[in-house]
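Following: one structure in structure tokens, then a few remarks.
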Amino acid sequence: WKLVFIADTRTPGPACDVPDDQLAASDVRAALGHYLRGHATGDGSHHEKVFHPESKLFWVRDGALNQRTSEAYIAGASGTPAADEADRMRYIDWVKVDGSVAVGRIVLDYPSAHFVDYMTLLHIDGRWQIINKAFVVEPR
């Protein structure tokens with residue numbers, strides 16, 4: 001399986017001058033890495049590590065709002081990588097942190113579809129957790 005991470009190339013000043021939000025952004029990226037690994041491996045335990053139990057997924061299909069619990073989403077994990085895993089690419093496009101709230105944009109570029117996920121995370125119990133995922137998919 002293949003994970004692609006886009007690095008933040010900005011160079012911060014001395015550690016004491018780095019805002020807490022910048023330091024937290026790397027922690028958010030690490031949390032979102034579990035989400036990416038879940039997709040790459042088909043192993044739902046990676047998703048369990050980052051989705052809050054109360055979280056939901058939202059999308060629009062044929063003009064109508066759809067939603068699913070993260071519990072149902074995780075239960076649908078295949079347990080194995082997709083047959084075309086070698087042809088799939090996914091990465092964290094950007095992350096923005098404000099205190100205990102973060103938003104991340106993830107791109108999943110697959111042979112059959114292009115997904116863009118927007119994740120809302122909260123820092124709860126000492127770790128970053130996805131509380132909502134809203135996404136759009138463009139079939140190919």
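The values are calculated or read from the model by the stated rules, or taken from the named source; none is laboratory data. Note that the coordinates shown come from a computational prediction; the quantities given were computed from them, not determined experimentally. With ideal geometry, Cβ positions are generated from the backbone for all residues, glycine too; neighbour counts draw on all protein chains shown. To get the accessible areas, we keep the full protein, side chains included, count just its heavy atoms, and leave off ligands, DNA and RNA. Shrake-Rupley method; radii C 1.70, N 1.55, O 1.52, S 1.80 Å.
Some notes on this structure:
- For first residues located in the range 126-140 and open to solvent by 50 Å² or more (accessible area, probe 1.4 Å), partners that are part of a loop (DSSP other than H, G, I, E, B) and not charged (D, E, K, R) and lie 6+ apart or on another chain with Cβ distances below 6 Å form the pairs ARG140/SER112.
- Filtered by the rule that a residue be touching a residue at least 24 places away in the same chain (Cβ under 8 Å) and either of a type in the set (A, V, I, L, M, F, W, C) or at positive phi (or both), the range 108-125 gives LEU108, ALA113, MET119, LEU121, LEU122, ILE124.
- Checking each residue in the range 83-104 for being charged (D, E, K, R) and surrounded by 10 or more Cβ atoms within 10 Å (Cβ to Cβ) picks out ASP84, GLU85, ASP87, ARG88, ARG90, ASP93, LYS96.
- Only listed residue being loosely packed, with under 12 Cβ neighbours inside 10 Å and of a type in the set (Val, Ile, Thr), chosen from THR80, THR69: THR80
- Among the residues here, VAL107 does not qualify as open to solvent by 60 Å² or more (accessible area, probe 1.4 Å), β-branched (Val, Ile, Thr) and modelled with pLDDT of 95 or more.
- Residue under evaluation GLY63, criteria (1) at pLDDT 95 or above; (2) surrounded by 12 or more Cβ atoms within 10 Å (Cβ to Cβ), criterion not met: (2)
- Residues of the range 17-53 satisfying the condition of being of a type in the set (A, V, I, L, M), buried (at least 16 other Cβ atoms within 10 Å of the Cβ) and part of a helix (DSSP H, G or I): ALA24, ALA25, VAL28, ALA31, LEU32, LEU36, ALA40
- Restricting attention to the range 31-68, the residues that are hydrophobic (A, V, I, L, M, F, W, C), more than 22 Å from ASP87 (Cβ to Cβ) and free of Cβ contacts under 8 Å to residues at least 60 places away in the same chain add up to 2.
- Filtering the range 49-70 to residues that are of a type outside the set (S, T, N, Q) and closer than 19 Å to ARG127 by Cα leaves LYS49, VAL50, PHE51, HIS52, PRO53, GLU54, LYS56.
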